[in-house]
Amino acid sequence: MILTLCLAGCKDIKDIRVTSVKLESISPRGFKSVDLYISSEVYNPARQVRISEIDGSVIHSGKIIGKLAMDPFILAPKSLETYNLKANVSLAQGAGFKDLMVLTDPEELNKCTVDISAKAAYGKGAPMSVKRKNIPLKELLNSIGNETN
């Protein structure tokens, strides 16, 4: 998910594809956050890509209800590799468990959007900032479902 959004902003990387995404485990961190462990297979026919400073927000009806932070990672050049990624999702300031319950209602899910930012560097080049705003969460989840084996 994050990978697809970040790479969309880099030029000359159109052939990189996420071939599968699997949620390996969820580890609660108290009552306000969880760590997500994700396995993702990526086909990279291009040079090395470094992705860092990955963070984002889940927004419902104009209110930020969740914050995402993901560990940086490097895509190996000219490869088909499986990457084990870690992300932390926490309740945003002023949000409660009830706010996150909207994610279980398909109608309310349609009202959620995601803002994501990261830095991506192609080869040995300097990182460039990549930002995507107002991405419909349902669309993002559907695109992940299409990439998953």
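The values are calculated or read from the model by the stated rules, or taken from the named source; none is laboratory data. Only a predicted model underlies this, so the values are computations on that prediction, with no experimental measurement involved. All Cβ positions, glycine included, derive from the backbone under ideal geometry; neighbour counts span all protein chains shown. In case anyone asks, the SASA skips ligands and DNA or RNA and just uses the protein heavy atoms, side chains included. Shrake-Rupley method; radii C 1.70, N 1.55, O 1.52, S 1.80 Å.
Would you confirm whether or not region 108-129 contains a residue that is over 12 Å from the mean Cα position of the chain (by Cα) and in a helix (DSSP H, G or I)?
Scanning region 108-129 turns up at least one residue that is over 12 Å from the mean Cα position of the chain (by Cα) and in a helix (DSSP H, G or I).
What pairs can you find where one residue is in region 35-53 and open to solvent by 70 Å² or more (accessible area, probe 1.4 Å), the other is outside any strand (DSSP E or B), and their Cβ atoms are less than 6 Å apart, with a gap of 6+ or different chains?
The qualifying pairs are 47/77; 47/123.
Only one of 141, 91 is modelled with pLDDT of 85 or more and surrounded by 13 or more Cβ atoms within 10 Å (Cβ to Cβ); which?
Exactly one of 141, 91 is modelled with pLDDT of 85 or more and surrounded by 13 or more Cβ atoms within 10 Å (Cβ to Cβ), namely 91.
Any residue in region 57-80 that is over 30 Å from residue 98 (Cβ atoms), aromatic (Phe, Trp, Tyr) and open to solvent by less than 80 Å² (accessible area, probe 1.4 Å)?
Yes, that holds for at least one residue.
Out of 53, 81, report the one residue that is at pLDDT 90 or above, assigned to a strand (DSSP E or B), charged (D, E, K, R) and on the phi > 0 side of the Ramachandran plot.
53
Have a look at 22, 86, 98, 67 and point out the one that is modelled with pLDDT under 90 and assigned to a strand (DSSP E or B).
22
Does residue 133 meet the test of being open to solvent by 80 Å² or more (accessible area, probe 1.4 Å), more than 18 Å from residue 16 (Cα to Cα) and at pLDDT 90 or above?
yes
For region 101-122, enumerate the residues that are at pLDDT below 85, open to solvent by 40 Å² or more (accessible area, probe 1.4 Å) and touching an Asp or Glu at 6+ places or on another chain (Cβ under 8 Å).
122
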